[in-house]
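Reviewing the structure listed below.
Bear in mind that the values in this text are calculations on the coordinates, not laboratory data. This one's a predicted model, so the numbers in the text were calculated from it and none came from an experiment. Positions of Cβ are generated from backbone atoms using ideal geometry, with glycine treated the same way; all protein chains shown enter the neighbour counts.
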Amino acid sequence: MSDIQRHDSNARLSRIVVHTAVVYVAGVTATDRSGDAQAQTVDILAKIDGYLASVGTNKSRLLSVQIWLQDIDRDFAGLNAAWAAWVPADAMPTRATCEAKLAAADLRVEIIVTAAL
Amino acid sequence: MSDIQRHDSNARLSRIVVHTAVVYVAGVTATDRSGDAQAQTVDILAKIDGYLASVGTNKSRLLSVQIWLQDIDRDFAGLNAAWAAWVPADAMPTRATCEAKLAAADLRVEIIVTAAL
Amino acid sequence: MSDIQRHDSNARLSRIVVHTAVVYVAGVTATDRSGDAQAQTVDILAKIDGYLASVGTNKSRLLSVQIWLQDIDRDFAGLNAAWAAWVPADAMPTRATCEAKLAAADLRVEIIVTAAL
């Protein structure tokens, strides 16, 4: 078996790559894009739970997170509300957040995480 | 020998840093900036091939990729055309792409990769 | 003891996470936001020195750096002046820099670093 495991691969990327006990997850956006930043973040974090579970880890083992928001003035509070309800109080990852235009006009949030196996 | 190897260093950064079997490559932009996003991406990916080869690895061992585009509406298709022609179908890394203004007005694409040795 | 160490945690994030000899530092912004990009970068880099020292490492062991500037045309020279005065000439990390709107209007620079223990 290779020392690199790739999961959920499509024609452009793998959703998850694992190497030496580190789990890299591709940038995640909401499947239901009709909601505001809080609703999209809830959707994204549930997808991240699923990606982490698929390789046998979970949100208590997050290492670092990068977050892109479509409109940081409008979206920051909603992101943080959904984030606070999800992230384990005793296992906070590092985080950095900025505003960035994303690949589709209805995407308000994209989240990139790394975690430990 | 140090447990950190640094290659192609200049007064601002190293193009490549290797630590515990992980290869970090600095953000790569095109040398020939006259082209569109597709042409610049072809140029960038060839440079990444060279950086990876210089430390004994290659694009089949990519872990994660972050891509910045000057104008995501205009540049996304060209990026993806060059990307699809280059990335190994059986070794897709994770990927995240957003729009970001870069350090010079003629830079349309910047790509940051990590790979395994 | 867990294989993941988290330091300086608050209700949103940990300032520092350590896992398998890699130190992840959250995005750092200036405490004194009254200055220009150069002054803010000096402030940020001093904070990074402190974060690294708190886990027993230092700037000679930086691996990769990502930098966000509020206005890359205005701020790039000031960033680079502060950076050149701080970064060890014989231990340059990889680096990538773009423009990005940050979480508050007076933040001109945010820097995300990873380092080796």
Among C:Ala53, C:Ala96, C:Ala11, residue whose mean-square fluctuation peaks in a GNM of chain C (springs only between Cα atoms under 10 Å): C:Ala11
17 Å tail of the calculated P(r), the range B:42-100, as % of Cα pairs: 41
Per-pair calculated FRET efficiency, R0 = 45 Å: A:Asp90 and B:Ala77 via Cβ, rounded to 0.05: 0.50
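Would you list B:Glu110, C:Glu99 from fewest to most Cβ contacts within 10 Å?
Fewest to most other Cβ atoms nearby, the residues stand as C:Glu99, B:Glu110.
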Axis-nearest residue of B (beta carbon) for the B-onto-C rotation, whole Å: B:Ala100, 4
Ranked list, fewest to most other Cβ atoms within 10 Å of each Cβ, for C:Ser2, A:Ser64: C:Ser2, A:Ser64
Spacing of the two label points (7 Å from each Cα toward its C-beta) at C:Ser2 and B:Ser54, in nm: 3.8
Distance violations [Cα-Cα > 32 Å] among A:Lys47/C:Lys47; B:Lys47/B:Lys101; A:Lys47/C:Lys101; B:Lys101/C:Lys47: A:Lys47/C:Lys47
Given charges at beta-carbon only (K, R positive; D, E negative), |dipole| of chain A in Debye: 300
Cα shape, the range C:4-116, gyration tensor, a/c 1.5 rule: oblate
